[in-house]
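First, the structure itself, so that you have it in front of you.
The values are calculated or read from the model by the stated rules, or taken from the named source; none is laboratory data. Remember, it's a predicted structure, so these values are computed and weren't measured experimentally. Quick reminder, even Gly has a Cβ in these numbers, built from the backbone with ideal geometry, and neighbours come from all protein chains shown.
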Amino acid sequence: MLEIEEYAKKYNIPIMQKDGIEFLIDFIKKNNIKNILEIGTAIGYSAIKMASVSEDINVVSIERDKVRYSEAVKNVNKCNLNDRIKLINDDAFNVELNDKFDLIFIDAAKAQNIKFFLKFEKNLGSNKFIITDNLNFHGLVNSSEKMSKNLRQLVKKIKNYIEFLKDNKNYETIFYNIGDGISISKKRG
Ligand code: SAH
Ligand code: MG
């Protein structure tokens, strides 16, 4: 695990922060989550952490970047979790799944959160959860700092997503100021 964290640091790969991942793991335990879909594997850090909670947890995780995907495959094999973590190397928008999940964890391109949510909510079981990471985006979502145009647009999209969650009557969403900002949306029925 330490090795993965060091690799992420060296190559600047945005894996979940320590307190964020602890929070996620605790949530998985408390809510008896067994089937997880993750959008954005990177090198497999959060997928491995989630699958390690208990031996009856299965994770499907999607990563579009080839190099990161290959690194994730290596890491999952090293941890002997290849029978419980299924890695898919594709753009999530090209992936069609029929399974139902207890938890969908959205942690990919931050400007696309609404689209990921709408594409995969059909794969969510009743009364189950969608969790989204990086809603503070390194503190920039609530900052008056001067930013480049691209960054401003990204921050605006994250804000739009937060509004989308607040307005979405099919889910009850709670926002947590933990890690880089996490939301938990529980499907009503
Ligand atoms: N969940 C990981 C970190 C993911 S970083 C962890 O905490 O360990 C976000 C990843 O999402 C990046 O590796 C990026 O390549 C991937 N990504 C972004 N948009 C994507 C898309 N449309 N489909 C698949 N992967 C995507
Ligand atoms: Mg993240």
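Of everything in region 53-84, what is more than 16 Å from ligand 2 (Cβ to nearest atom) and among the charged types (D, E, K, R)? Give them in sequence order.
Filtering region 53-84 down to residues more than 16 Å from ligand 2 (Cβ to nearest atom) leaves 53-58, 60, 66-67, 69-71, 73-84.
Scanning region 53-84 gives GLU55, ASP56, LYS66, GLU71, LYS74, LYS78, ASP83, ARG84.
Looking at region 157-178 only, could you name the residues that are in a helix (DSSP H, G or I) and in contact with a strand residue (DSSP E or B) (Cβ under 6 Å, 6 or more places away or on another chain)?
Here is the first cut: in region 157-178, the residues in a helix (DSSP H, G or I) are 157-167.
Residue satisfying the conditions is LEU165 alone.
Give just the number: which of (1) more than 21 Å from SER126 (Cα to Cα); (2) within 11 Å of ligand 1 (Cβ to nearest atom); (3) modelled with pLDDT of 95 or more does GLN17 not satisfy?
The single condition GLN17 does not satisfy is (3).
Which residue out of ALA42, ALA72 is part of a helix (DSSP H, G or I) and among the aliphatic types (A, V, I, L, M)? Walk me through how you get there before you give the answer.
Working: ALA42 fails: part of a helix (DSSP H, G or I).
Exactly one of ALA42, ALA72 is part of a helix (DSSP H, G or I) and among the aliphatic types (A, V, I, L, M), namely ALA72.
Something else: For region 1-24, how many residues meet the condition of being in a helix (DSSP H, G or I) and loosely packed, with under 15 Cβ neighbours inside 10 Å?
Quick first cut of region 1-24, residues in a helix (DSSP H, G or I) only: 2-10, 18-24.
From what's left, loosely packed, with under 15 Cβ neighbours inside 10 Å: 2-3, 5-6, 9-10, 18-19, 22.
Summing the residues that are in a helix (DSSP H, G or I) and loosely packed, with under 15 Cβ neighbours inside 10 Å in region 1-24 gives 9.
Considering (1) within 15 Å of the chain's Cα centre (by Cα); (2) away from ligand 1 (no atom under 13 Å from the Cβ); (3) crowded, with 19+ Cβ neighbours inside 10 Å, say which one ILE57 fails and leave the rest.
(1)
Check ILE36, ILE25, ILE15, ILE43 and return the single one that is in contact with a Ser or Thr (Cβ under 7 Å, 6 or more places away or on another chain) and of a type in the set (A, V, I, L, M, F, W, C). Walk me through it before giving the result.
Numbers: ILE36 fails: in contact with a Ser or Thr (Cβ under 7 Å, 6 or more places away or on another chain); ILE25 fails: in contact with a Ser or Thr (Cβ under 7 Å, 6 or more places away or on another chain); ILE43 fails: in contact with a Ser or Thr (Cβ under 7 Å, 6 or more places away or on another chain).
That would be ILE15, the only listed residue that is in contact with a Ser or Thr (Cβ under 7 Å, 6 or more places away or on another chain) and of a type in the set (A, V, I, L, M, F, W, C).
Has region 126-146 got at least one residue that is in a helix (DSSP H, G or I), more than 16 Å from ligand 2 (Cβ to nearest atom) and either within 17 Å of the chain's Cα centre (by Cα) or surrounded by fewer than 19 Cβ atoms within 10 Å (Cβ to Cβ) (or both)? Even if it seems obvious, please write down each step before you answer.
Residues of region 126-146 in a helix (DSSP H, G or I): 140-142.
From what is left, the residues that are more than 16 Å from ligand 2 (Cβ to nearest atom) are 142.
Now narrow it down to the ones that are either within 17 Å of the chain's Cα centre (by Cα) or surrounded by fewer than 19 Cβ atoms within 10 Å (Cβ to Cβ) (or both): 142.
Within region 126-146, one or more residues are in a helix (DSSP H, G or I), more than 16 Å from ligand 2 (Cβ to nearest atom) and either within 17 Å of the chain's Cα centre (by Cα) or surrounded by fewer than 19 Cβ atoms within 10 Å (Cβ to Cβ) (or both).
Take region 73-94 and flag every residue that is among the β-branched types (Val, Ile, Thr) and more than 16 Å from the chain's Cα centre (by Cα). Spell out the reasoning first.
Within region 73-94, the first condition is being among the β-branched types (Val, Ile, Thr), and the residues that meet it are 73, 76, 85, 88.
Once the filter is applied, which keeps residues that are among the β-branched types (Val, Ile, Thr) and more than 16 Å from the chain's Cα centre (by Cα), region 73-94 yields VAL73, VAL76.
Pairs under 7 Å by beta carbon, first residue of a type outside the set (Phe, Trp, Tyr) in region 147-158, partner at pLDDT below 90 and assigned to a helix (DSSP H, G or I), six or more apart or different chains?
MET147/LEU140; LEU151/LEU140; VAL155/LEU140; VAL155/VAL141; ILE158/VAL141
Which of the residues that make up region 31-46 are more than 18 Å from LEU124 (Cα to Cα) and away from ligand 2 (no atom under 12 Å from the Cβ)?
To start, the set of residues in region 31-46 that are more than 18 Å from LEU124 (Cα to Cα) comprises 41-46.
Listed by number, the residues that qualify are ILE43, GLY44.
Residue by residue, here is whether (1) within 15 Å of ligand 1 (Cβ to nearest atom); (2) crowded, with 18+ Cβ neighbours inside 10 Å; (3) under 14 Å from the mean Cα position of the chain (by Cα) holds:
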position: ASP26; (1), (2), (3): no, no, no
position: SER52; (1), (2), (3): yes, no, no
position: GLU63; (1), (2), (3): yes, yes, yes
position: PHE117; (1), (2), (3): yes, yes, yes
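Can you tell me which residue within region 165-189, out of those that are out of contact with any Leu (no Cβ under 8 Å at 6 or more places or on another chain) and over 13 Å from ILE130 (Cα atoms), is surrounded by the most Cβ atoms within 10 Å (Cβ to Cβ)? Show your work before the answer.
Restricting attention to region 165-189, the residues satisfying the condition of being out of contact with any Leu (no Cβ under 8 Å at 6 or more places or on another chain) are 165-170, 172, 174, 176-179, 184, 186, 188-189.
Next cut, over 13 Å from ILE130 (Cα atoms) only: 166-167, 169, 176-179, 189.
Numbers: LYS166: 11, ASP167: 9, LYS169: 6, TYR176: 14, ASN177: 10, ILE178: 14, GLY179: 19, GLY189: 5.
Result: GLY179.
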